Amino acid sequence: MDKVVNNSPVSQFTVNMMGIEMLLCFALPIILLIWVILRYSKPKKGAIKVFFIGMGVFFLFAGVLEGPFRGIAKDFQHVPFLYALYGALLAGVFEEVGRYLGLKFINKRIPTKAATPETPFLYGLGHGGLEMILIGSLTMFSNFMFAMLINGGKVNEMLEKVPASSRSVLNTQVKQLMATTGWTISLSLMERLLALAVQIALSVVVWIIIMKRMRWFWLLLPIGLHAFINFPAALTQVGALNGAVEEVLLVVQTILVLAFTYWFWRQNRQVMTRTAKTA
């Protein structure tokens, strides 16, 4: 039977950071939702629907429809650039097309929220919030429970109870968790926060495209921005980019995307204001 050779405990700081990320990634989207509705949503009717439509679109397009196409990326793993480019564009196409259709649906079916400025924020909060909950909260909950087993000295007992076919994989995961530090978890939390900010920003970009009735090819803009953000992470997955470099790039990329979104918003602010008043 595979056993964990060095059953060293996970540090308390690491466990604490797991708990913080788990709770924050679950609570933050909900807290922001309540804050926006209470403070900025006019009218409030339909605001929660916008949030849940964002969640539903992310689940459908990123979780279901995109899935079958991810396997194709394995054919490019020996060429890191192509692997990263394919993965980044795949996520960009599915998520941004889904975002476009979701916001178009809101524009037609929830007319009271069609032109209100908080609509793209609420939509992006739902879209990025579900991503944050699934990756940052549920995944971290699994790691947190493993850490409790390790620190309680029950990890080998747990391995004995799982099927032999799964034992080796779980053993590897446990050993990786033992090597995880609180600093690593802190970076993971930072990634989730930056990802939520980018999802909201991209929702603003797509919303402006819809409200200004721009031609369909303008959708290439958010697709390109999305791929721009995902490309370094995809390179890191195949070992073509150092993890520390990726984290620095992610911060810089997020700042650039947010700055562009702000500029794009200011360029179209007057049009948006007129549209909101006449809606």
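The values are calculated or read from the model by the stated rules, or taken from the named source; none is laboratory data. For clarity, every value in this text was computed on a predicted model and none was experimentally measured. Neighbour counts run over all protein chains shown; Cβ positions are idealised from the backbone, glycine included. Accessible surface areas use protein heavy atoms only, side chains included; no ligands, DNA or RNA. Shrake-Rupley method; radii C 1.70, N 1.55, O 1.52, S 1.80 Å.
Residues that are open to solvent by 50 Å² or more (accessible area, probe 1.4 Å) and of a type in the set (K, R) occur in segment 139-157; there is at least one. Scanning segment 42-62 for residues that are open to solvent by less than 60 Å² (accessible area, probe 1.4 Å), closer than 15 Å to Q199 by Cβ and either among the hydrophobic types (A, V, I, L, M, F, W, C) or modelled with pLDDT under 95 (or both) returns V50, F51, I53, M55, V57, F58, F61, A62.
For segment 114-171, a tally of residues being touching a helix residue (DSSP H, G or I) at 6+ places or on another chain (Cβ under 8 Å), of a type in the set (S, T, N, Q) and in a helix (DSSP H, G or I) returns 5. Using the structure shown, decide if T172 is without any contact (Cβ under 8 Å) to a residue 40 or more places away in the chain, under 29 Å from V245 (Cβ atoms) and open to solvent by 20 Å² or more (accessible area, probe 1.4 Å). Yes, satisfied.
Looking across segment 67-100, just one residue is under 15 Å from the mean Cα position of the chain (by Cα) and more than 22 Å from W218 (Cβ to Cβ), and that is G87.
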